[in-house]
Amino acid sequence: AVYRLLATLQTVRSDYEGAINAALSGLALVDVHLERHPSPARMREAYESVMALLGERSIDSLGELPVTADARMHTVMGLLSTLISSQFVRDGISFLHVATMVELSLAHGATPETPYGLSWFGVFIASLYDAYEDGLAFGLAAMALVERHGFQAEQIATLVAVDQVSVWSRPLAFALGLAQEAVALGRESGDIGMACYACNHIVSDLLAMGEPLALVDEEVERGVGLTRLVRYADIERILAAQRLFLRGLRFGGDGPASTVAQRADDATSFSTRFWVWLHDGMAWAYRGQWARALGSLRQAEA
């Protein structure tokens, strides 16, 4: 419990390496070991191992998994779920930990963290292996499992994951509704950290849907307010980049290049730096400043 709490607190403080190390230290105490920086072949092996273990069962049937009574599995799954922090670093452990969670759930039964594992496994296989329909199916099975067993603890993380994976095969309005539900539940339950993830998803969905920019601007401000409650600096930086982009669309003018560079340099995670430079590149592209756009997009790609 101590390692799980420590990992969670360090994630919200944007100390992702510290969070990963805390989780791995806790897992080592229960004899579970995950490798850092696995090769693409090792990651593919983990994917194929899950699908082989699934066998003839449909992905949908995972929404009916029974709850395990194994206390050790509950401890292991709780620690594994804190490795959501690994999504903010360049490390394939971000995929390995959710693949491990799915394997354990298939072998031993579900815990309250299983929906997180299923849904984020779905996100990764869509991104890594173009398994878009299967990815969404894992996410929907996770949502069904939350409903079946009342697994509220990971409901917000599950909603954020399904929001992310559903855009490949469902209308954006479906994804938007899930992200909005995640934020609402976060406010109600006090799980502000995970709800912060959903805030920039909402803004991205609204921008992609072509909603009025004034409405999107209001959503950014709500998101910034939420992230400041828990001092989630990296998510706030992403929202600030989105705000600079959309206000450039609304009012014109150029944001100071030094501000963008400083925000990117201050970011703890590579994904935050990507989003900061991506939005800056898009902003320059909309203004026809192609050289500056290319420079920012190359920074995003780095």
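The values are calculated or read from the model by the stated rules, or taken from the named source; none is laboratory data. Since the model is a prediction, treat every value here as computed from it, not as a measurement. Methodologically, a virtual Cβ is constructed for each residue, glycine included, from the backbone with ideal geometry; neighbour enumeration extends over all protein chains shown.
Values for this structure:
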{"quantity": "Elements of type helices (runs of 4 or more DSSP H) contained in the stretch 226-302, each with 3 or more residues being at pLDDT 90 or above and either hydrophobic (A, V, I, L, M, F, W, C) or under 20 Å from Leu207 (Cβ atoms) (or both)", "calculated": "233-251, 270-286, 290-301"}
{"quantity": "Selected residue (only one of Ser14, Ser58, Ser25 is among the polar types (S, T, N, Q) and crowded, with 21+ Cβ neighbours inside 10 Å)", "calculated": "Ser14"}
{"quantity": "Search result, residues across the stretch 138-153 that are more than 14 Å from Gly63 (Cα to Cα) and under 17 Å from the mean Cα position of the chain (by Cα)", "calculated": "Ala153"}
{"quantity": "Residues satisfying the stated conditions in the stretch 161-192, i.e. among the charged types (D, E, K, R) and either over 13 Å from Ala126 (Cβ atoms) or buried (at least 23 other Cβ atoms within 10 Å of the Cβ) (or both)", "calculated": "Asp163, Glu181, Arg187, Glu188, Asp191"}
{"quantity": "Criterion: of a type in the set (Ser, Thr, Tyr) and in contact with an Asp or Glu (Cβ under 7 Å, 6 or more places away or on another chain) - qualifying residue of Ser85, Ser14, Ser94", "calculated": "Ser14"}
{"quantity": "Verdict on Gly139 being surrounded by 23 or more Cβ atoms within 10 Å (Cβ to Cβ) and without any contact (Cβ under 8 Å) to a residue 40 or more places away in the chain", "calculated": "yes"}
{"quantity": "Flag if His33 is touching a residue at least 24 places away in the same chain (Cβ under 8 Å), part of a loop (DSSP other than H, G, I, E, B) and not aliphatic (A, V, I, L, M)", "calculated": "no"}
{"quantity": "Qualifying helices (runs of 4 or more DSSP H) (wholly inside the stretch 66-169; at least 3 residues being in contact with a Leu (Cβ under 9 Å, 6 or more places away or on another chain) and within 21 Å of Glu35 (Cβ to Cβ))", "calculated": "71-81, 93-108"}
{"quantity": "Of residues in the stretch 199-225 being assigned to a helix (DSSP H, G or I) and among the small types (Gly, Ala, Ser), the one surrounded by the most Cβ atoms within 10 Å (Cβ to Cβ)", "calculated": "Gly223"}
